[in-house]
Every structure is written in structure tokens, then in C-alpha cells.
Amino acid sequence: MDFDISSILENWDYKPGQVMVRKFKATDGHEVIQLRVDLGILQLNADGRPDGKRPMGHESWFDFQLSRLEEHRAQHAGTDEGFSLNQDDCNKLHVESVQYHHRYICLLQLEDFEGVIRDTERNLELFDFVEEFAEASDSSWSFQNFRPQCLMMQTRAIVSQKLKDDEHVSALDELEQGIEAIRDYHHEYSLVDQMDQSGEIASLEAWRNEIDNGRPMSPKEKLEKALQEAVKKEDYETAARVRDELRNLPVDPS
């Protein structure tokens, strides 16, 4: 077997500052993702656990821990009391969460928005799970520290899909909700003083302004703009006509 991948690297140059990723089918038919990094290539499975392993016969360590919780509830009259995650459990879950983190970055670049939403939702659920059951609070923080970035990536995927479907108003609503979720995180973890330095919030706010400025105007917005221009020019005949058109617009059922 030839283990040398030099020819592959030579035909796929690394470019600093760019997320260079591709998806294709492996020889066994399953989809894989490759990410070009400075020292080589990172390969991940497109579905399931990114490294393809099945811890304890489950799709992931998270799924294994969820099955442990269900068994515990079955043995303790449906309660969670006494169930916990030790440091080793948390370490394994953390390593796994980073794998999903790498994959949803790749998936966003590939415009697989459903995949990004799937993987970010999975990690957010994991963060909550660890916070509830970790024996040590500092173990939980190592996960929660990733929450703003995960929320930002999820928001980007949801909004990108809306824009792809030409749902600009809905996209802006989702974007605002994403920004608010990151703000809520700062309040919940007493990090309000760091909110102004949040790169995630700044990035989403800049994108919101960009989308809003490039958004197609609704019929009402076009008439309102025409009315403003007519009044500014003191063209009151046109202004009166535009007002009548505004009054006759169908009422928005929303």
C-alpha cells in the first residue's frame, strides 16, 4: 500500500484564510468530506460520527450517554437523580463535539445548510446535557464556551437557506433571533461586559445590515419611499396619488 499523499497535496494547494473543502463518495460508497489544512488533509464522514467510529456500539459517545440515562431512569422510577458524567465522560464528549464542530464548518462552506443545522443542534443539546449532569462545573464551561460560535453557525445556515428561497423578511427575523440568543448567553453566564467584544454578534449584525440594504422592497415599502420623495420635491399631486395607493394596498394577514 502506498501511504504517500504528496501528489494529492500538490494538486490541492492550501490557501491561508480560506476554508478549502470538498465532498465526494469514498470507494465503499459513503460520502466523505475533506478539509485542506496547512499540514495536510482532514477527512470526515458526512453522516454519523465524523471519524466513523461507533463508541460502545452507538453512533456517538453522546448517544451512548443518552442510552445510559434512559437505563438509569428505567431503574430509578423515571428520575435522573444519581446520574452523572465523570471527567473521563466529559473529556470523550468534548473531543467528539470538536469533530462535529469541524464538520459543520465544512458543511456551511459546501452550502449543506440542513447538515449544519443538524450538527449544531446536536452540539447545543450536548452542551445542555453536560451542564445538567457533569460532576464538575468547570467541565461544563469547557463546552458552554463554544455556544456563541455554535449559535452563530446555526444562524448562518438557517438564514442562508431562507435567502436561497428568497424569503428575505423571514431571513432577517431568524438573524435577529440568532443575535438575541447569543446575547442571552452573555446574560445567563454573567458575561454582559464581554458582549460588546463578541465577534459572533458583530459578524451577524454586519451581515444583517448587508442583507437589509440589499433586500428587495415590498410594494408597501416602494410606495412609502415614493411618497417620501414626492413630499421632499413638493410634488403634492404625486404624493396624494401615492397615499391613495397605500390605502388601497391589501392588508397583510400576518
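The values are calculated or read from the model by the stated rules, or taken from the named source; none is laboratory data. Because the structure is predicted, anything quoted here is derived from the model rather than measured. With ideal geometry, Cβ positions are generated from the backbone for all residues, glycine too; neighbour counts draw on all protein chains shown.
Odds and ends about this structure:
- Any hit, the range 27-47, residues being among the acidic types (Asp, Glu) and part of a strand (DSSP E or B): yes
- From Lys162, Lys220, Lys233, residue being over 30 Å from Ser140 (Cα atoms) and modelled with pLDDT under 85: Lys220
- Test result for Val37, under 21 Å from the mean Cα position of the chain (by Cα) and either surrounded by 10 or more Cβ atoms within 10 Å (Cβ to Cβ) or at pLDDT 90 or above (or both): no
- The sole residue among Leu191, Leu108 that is surrounded by 17 or more Cβ atoms within 10 Å (Cβ to Cβ) and either over 30 Å from Gly214 (Cβ atoms) or of a type outside the set (Phe, Trp, Tyr) (or both) is Leu108.
- Residue list for the range 1-34, restricted to those being among the hydroxyl-bearing types (Ser, Thr, Tyr) and surrounded by 10 or more Cβ atoms within 10 Å (Cβ to Cβ): Tyr14
- Residue in the range 188-199 that is under 39 Å from the mean Cα position of the chain (by Cα) and closer than 21 Å to Ser160 by Cβ present: yes
- Any chance Asn45 is touching a Ser or Thr at 6+ places or on another chain (Cβ under 8 Å) and either at pLDDT 95 or above or of a type in the set (D, E, K, R) (or both): no
- Scan of the range 58-83 for residues that are part of a loop (DSSP other than H, G, I, E, B), among the small types (Gly, Ala, Ser) and either touching a strand residue (DSSP E or B) at 6+ places or on another chain (Cβ under 7 Å) or loosely packed, with under 12 Cβ neighbours inside 10 Å (or both), ordered by number: Ala77, Gly78, Gly82
- Exclusive hit being small (Gly, Ala, Ser) and either touching an Asp or Glu at 6+ places or on another chain (Cβ under 8 Å) or in a strand (DSSP E or B) (or both), set Ser170, Ser160, Ser139, Ser203: Ser160
- Selection over the range 27-85 of residues that are touching a Lys or Arg at 6+ places or on another chain (Cβ under 7 Å), hydroxyl-bearing (Ser, Thr, Tyr) and not assigned by TED's automatic domain parsing to the domain that holds Glu111 gives a count of 0.
- Residue identified as assigned to a helix (DSSP H, G or I), in contact with a helix residue (DSSP H, G or I) (Cβ under 7 Å, 6 or more places away or on another chain), farther than 21 Å from Val32 by Cβ and modelled with pLDDT of 95 or more among Val116, Val130: Val130
- Unique match (being without any contact (Cβ under 8 Å) to a residue 12 or more places away in the chain, more than 30 Å from Asp88 (Cβ to Cβ) and not β-branched (Val, Ile, Thr)) among Asp128, Asp138, Asp173: Asp173
- Qualifying position, being among the polar types (S, T, N, Q), in contact (Cβ under 8 Å) with a residue 12 or more places away in the chain and not assigned by TED's automatic domain parsing to the domain that holds Leu110, among Thr238, Thr155: Thr238
- The residues of the range 170-227 that are of a type in the set (Lys, Arg), touching a Leu at 6+ places or on another chain (Cβ under 9 Å) and within 19 Å of Gln154 (Cβ to Cβ) amount to a single one, Arg208.
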